[in-house]
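J.: Take a look at the following structure, please.
Just so it is clear, none of the values below were taken in a lab; they were calculated from the coordinates. None of the values given here were measured: they were computed from a predicted structure. Glycine gets a Cβ as well: all are built from the backbone with ideal geometry, and neighbour counts include every protein chain shown.
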Amino acid sequence: MTEETLEENTRLAEEITDAQRAVQAAEEEADGARTVAAQLQENLAAERQHLVETEGQRDAAMAKAERAETAAADTRSEMDGAS
């Protein structure tokens, strides 16, 4: 093997090593991004569930308020009729 061939092989080996390191770093970054995406997905699901529960509570409170308003109106009518 000539000195020139040896230098070329050494250079190519270094390039391969650098490329392997870059691939490893990219894979680690992708893993991190997938982890963050999964956590965000879980957070979104929890927020959606909370919203559904809150909407249910709001709807129940509105229905209760409507019943109270109706009862108050009925009571006023009865009192007016009794006068």
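J.: Can you give the local net charge around L51? Use residues other than it whose beta-carbon is closer than 13 angstrom to its beta-carbon, Lys and Arg +1, Asp and Glu -1.
T.: Neighbourhood net charge equals -2.
J.: Given N residues in the chain, what is its alpha carbon radius of gyration divided by 2.2 N^0.38 Å?
T.: In units of the globular-protein estimate, the chain measures up at 3.01.
J.: Give the angle, between 0 and 90 degrees and rounded to the nearest 10, that separates the Cα long axis of helix 3-82 from the longest principal axis of the Cα atoms of the chain.
T.: Approximately 0 degrees, to the nearest 10.
J.: About the Cα centre of the stretch 17-83, what is the dipole size in debye to 20, counting +1 per Lys and Arg Cβ and -1 per Asp and Glu Cβ, all else neutral?
T.: In total the dipole reaches around 120 debye.
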